[in-house]
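Worksheet for the structure shown next.
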Amino acid sequence: MNTLYKPFSKFVLFISFLGYLSIQCSKDGDPSASGSGSTSGAASTPKKCSNCTFVVAASQGTIDGTALGVKPGDTICLNAAFKYGTLTFKNIVGTAVKPVIITNCDGTVNIALTGKPFNLKTSNSKYFRITGGDTEKSYGIRLSGSTANGIVLTDFSTNFEVDHMEVFKVGFAGIMAKTDPTCDDATIRGHFTMRNVSFHDNYIHDTQGEGFYIGHSFYGGETVSGCGVRLPHTIEGIDIYNNHVVRSGWDGIQMSCATKNARVFGNTVEDYAVLNKAEQQNGILIGGGSGGVCFGNFVNGGTGNGICTFGLGDNLFHDNIVINAGQKGMFCDVRGVPTGNGFKFINNTVINPKEEGIAIYSFTLPSNVCINNIIVNPGTFSTYKESAYIRINKNAPTEKSNNYTTLTIGDVKFVNSKNNFRLKTGSPAIDKGKDISSYVISKDFYDNERHKGSAYDIGASEF
């Protein structure tokens, strides 16, 4: 067994490599779904340090895979008995079939820092998994206290999986994943692409910035001193699912520049954007340059929009439940030059937003869709009347049909109007939806079959 220290020695053997010495009303999503961002999905985490290929020594700050001779399929462990400082994993390279596993052993690892910019970072690494466990609500690695980000996946990191981590009380983002563009062409679009990444079953709470900050915010580029406007890399193949985000300072989940095979599903986001900072207030933000699907998410209580998108315009939002949004329940607009033909909002349930239920401002796209949604008690009804339920700005071309709207939540006949949004017998939403078979939506919010009766139902739950 190769080790950074020998677990059963009477002393810790430190290895020097050229000076390195100093390494829920929520519902569960579908972790078995075939995710575009999965690295392997097959590896299990060791429970004992004696089962690890390497165990990181307490004083180790940088774990260099090249220097250590890390091979595909190896397991690098953090010992629960040790007090770690900032950790940087570099040159960690596995394969799609045999990713390198970074995990905890002999118990839960707590890395609580003061005055450090991050807890854990990866650099120049690919085909790896960072995990704190394999079972629901197990968070074997807990990160807190950094002045900026809990986890940073940067410097060309790609093809990775991050799961079962708890990140809290950090100065900015819980998890950040991107390589910022510089004057080095290797960092920009067309030269580097982040591929096949996933974030699932993580618990992120009480952050000063975003819970998740995935991809660069400015798809159209940013000005870099000395070399002008530089285009950030894109992400191709990403799954963000089954995460729980609570009391984020800014957006709960922000994903940008995810141009292909992007899915955000089964997440629970609560009390988002508590700092109430303008333009940083969304529960879930599908940002510039992002397409794909956003479904089965539960968003409850925050200062801004529940779900917001400035994406590519080919985005599909279905079977989400959004309640008590501080602004609009769901909102879309365009930034830059979108490539899709319209945003699609299908079978969502929106309750008690302070502003409109669903707002569609993407007037430059030819065919937005808003069908089979339940919208209850929009806060701006006294101002906009019926259009407060679904507000179409500047005559944005929109197919709008088979939506159920009411000011009184009891009219819908939910099983429980506070925490169970399934439909009861006699609900006016049953069998009143439009045929959505062309959209290939097979499941509702609760993972039930989407089409059961004589017709599709309205809202996020199929009776």
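Quick one: net charge around ILE235, please, counting Lys, Arg +1 and Asp, Glu -1 for every other residue with C-beta under 12 Å from its C-beta.
+3
Please list the equivalent ellipsoid semi-axes of the stretch 274-388, computed as the square roots of five times the alpha-carbon gyration tensor eigenvalues, in descending order and whole angstrom.
Semi-axes from the Cα gyration tensor: 20, 16, 13 Å.
Local charge sum around VAL197 (other residues, Cβ-Cβ under 11 Å, Lys/Arg +1, Asp/Glu -1)? Could the numbers behind the result be given before it?
Values: positive: LYS126, ARG129, LYS178, ARG195; negative: GLU161, GLU236, ASP239.
For residues surrounding VAL197, the net value is +1.
State the extension gain, in nm to one decimal, for the chain segment bounded by ASN276 and ASP184, taking 0.36 nm per residue of separation less the distance between their alpha-carbons. Let's see the in-between values first.
Values: separation 92, 0.36 × 92 = 33.12 nm, distance 3.60 nm.
Stretched fully, the ASN276-ASP184 segment lengthens by 29.5 nm.
Which value, in debye to the nearest 20, gives the size of the charge dipole of the chain about its Cα centre, when Lys and Arg are +1 and Asp and Glu are -1 at the Cβ?
About 540 debye.
Which FRET efficiency, nearest 0.05, do ALA112 and ASN416 yield, Cβ-Cβ r, R0 35 Å? Numbers along the way, then the final one.
Details: r = 39 Å, r/R0 = 1.10.
Approximately 0.35, to the nearest 0.05.
As a check on your grasp of the helix formula, calculate [θ] at 222 nm for the chain: sum -39500 (n - 2.57) over DSSP H runs of n ≥ 4, divide by the residue count, round to the nearest 500. Write out the running numbers ahead of the final one.
Numbers: 2 runs with 8 residues, N = 463.
The helix contribution divided over the chain gives 0 deg cm²/dmol.
In Å, what is the Rg of the alpha-carbon atoms in the stretch 190-266, and how long is Dmax?
Rg, Dmax (Cα atoms, Å): 13.9, 43.
Just for the stretch 133-420, what percent of DSSP beta bridges are antiparallel, to the closest 5?
Percentage antiparallel, nearest 5: 5.
Can you pull the three principal axis extents for the Cα set of the stretch 245-301, in Å, largest first?
Ordered largest first, the stretch 245-301 gives principal extents of 32, 22, 11 Å.
Once fully extended, how much extra length lies between PHE363 and ALA80, figured as 0.36 nm per residue of separation less the alpha-carbon to alpha-carbon distance?
This chain segment gains 96.5 nm when fully extended.
Going through the cross-link list LYS260/LYS400; LYS354/LYS394; LYS126/LYS178; LYS83/LYS116, which pairs have a Cα-Cα distance over 19 Å in this structure?
Correct reply: LYS260/LYS400; LYS354/LYS394.
Residues in the stretch 342-369 near a label at THR383, defined as backbone nitrogen under 19 Å from the 7 Å Cα→Cβ point?
In the stretch 342-369, the label zone of THR383 (backbone N under 19 Å from the point 7 Å along Cα→Cβ) covers 351-362.
Once you have the Cα-Cα distance between THR147 and LYS452, take 0.36 nm times their residue separation minus that, and quote the gain in nm to one decimal. Show your work: numbers first, answer last.
Numbers: separation 305, 0.36 × 305 = 109.80 nm, distance 5.05 nm.
So the chain would gain 104.7 nm between THR147 and LYS452.
From zero up to wherever the largest Cα-Cα distance of the stretch 133-420 sits, split into 5 Å bins and tell me the percent of pairs in each.
In whole percents, the pair-distance histogram is 1, 6, 13, 17, 19, 17, 13, 8, 5, 2, 1, 0, 0.
Read-outs throughout are calculated quantities, based only on the coordinates presented, and are distinct from any laboratory measurement. Computed from a predicted model, the values in this text were never measured in an experiment. Cβ atoms come from the backbone with ideal geometry, glycine included; neighbour counts cover every protein chain shown.
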